[in-house]
Amino acid sequence: MPVYRPPRIAASDITPRDIYMSRRKFMGTAAAGFVMAGAGSALAAPLTAAPSRFSTDETLTPKEAVTTYNNFYEFGTAKSDPAQNSGQFEPLPWSVKVDGMVGKPREFGIEELMKMQLEDRTYRMRCVEGWSMVIPWVGFPLSALLDQVEPLGSAKYVSFETVVRPEQMPGQTGFFQPLEWPYVEGLRLDEARHPLTILAVGLYGETLPNQNGAPIRLVVPWKYGFKSIKSIVKISLVEEQPQTTWKNSNAREYGFYSNVNPAVDHPRWSQATEQRIGDGGFFSVANRPTLPFNGYADEVASLYEGMDLKANF
Ligand code: MTE
């Protein structure tokens, strides 16, 4: 990944949580049940969602930063590329195929997925590059989807695949291709079933902007951000550990597990601290301590008992 250059976002840009929450309440009433008017930045539609005990009450990263400072290489490698280059992307119609070692393989239309029991999940997100955000996602537990397809006993992992659409994704065209497409990711089945793992369909109370992975993306808050694959078209239950894009690109730097771990440095930089986007304004620096499992150790550390977390990064 490219060398990180911190953005300059003033602390005054941050939406205080009470203002955000009262706006959410208003939008919930106004929406009067969910009607999918469309997805993507141009057609953002309000979503109704229940609060969740898993949400953090830390100060939210401003929506402006969440939607303009992105990694989505299908639209280009600069942080500003996804917001600038994703206007042509069509997140509707959309469906997600769920197959592999399951009793009931099937394809889910996005309208059906939007009708799942949606929750507000405000999570910390820590990018492997050394910056972090606090993002109010709207989504539902991945386990709710997996239950519907009935995984077989032989299934040990879950693999995920992003759409390939060079005609709408300029980062997939041209001579220089930074990654192999489709972007693929994977989780162990118990990680996929963990209640913190969600499929997000919105943020800040509206459908996902294209640059954040419209119309549906994964969010795994205790792992580095690159595990949270965007614009998913396929989910497969498999027996062997699946291929993952960044490990395929550079296995020495990016592992399959990629749990946030301040004790394991990236070969080219320290992971001990991070810059919370929005902290400190102009003189913002990466001086916030990074927490094991991104602060979710109480919930997830037991998944890795007996594992050497330094070797299995
Ligand atoms: N998913 C796809 N398909 N392509 C990508 O380039 N980038 C990853 C992840 N998911 C990426 C992706 C990385 S490196 C990060 S940090 C997060 O998305 C960023 O999510 P955000 O832009 O919504 O904050």
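A short reminder: the numbers here are calculations on the coordinates, not readings from a lab. As the structure is a computational prediction, the values presented were derived from the model and not from experiment. Neighbour counts run over all protein chains shown; Cβ positions are idealised from the backbone, glycine included.
Worth a mention:
- Residue within the range 226-239 that is more than 15 Å from the ligand (Cβ to nearest atom), in contact with a Ser or Thr (Cβ under 7 Å, 6 or more places away or on another chain) and of a type in the set (A, V, I, L, M, F, W, C) present: yes
- Residue identified as outside any helix (DSSP H, G or I), of a type outside the set (Phe, Trp, Tyr), within 13 Å of the ligand (Cβ to nearest atom) and out of contact with any Cys (no Cβ under 7 Å at 6 or more places or on another chain) among Ala214, Ala286, Ala251, Ala263: Ala214
- Hey, Pro105 near the ligand (Cβ under 10 Å from one of its atoms) and either farther than 18 Å from Ala200 by Cα or surrounded by 15 or more Cβ atoms within 10 Å (Cβ to Cβ) (or both) or not: no
- Every condition in (1) of a type outside the set (D, E, K, R); (2) closer than 20 Å to Lys97 by Cβ; (3) crowded, with 24+ Cβ neighbours inside 10 Å; (4) away from the ligand (no atom under 11 Å from the Cβ) holds for Pro151 except the one numbered (3).
- Pairs are defined by a Cβ separation below 8 Å, a sequence spacing of at least 6 or placement on different chains, a first member in the range 55-68 that is more than 25 Å from Asn85 (Cα to Cα), and a second member that is assigned to a helix (DSSP H, G or I) and not charged (D, E, K, R); the pairs so defined are Thr56/Gly295; Leu60/Tyr20.
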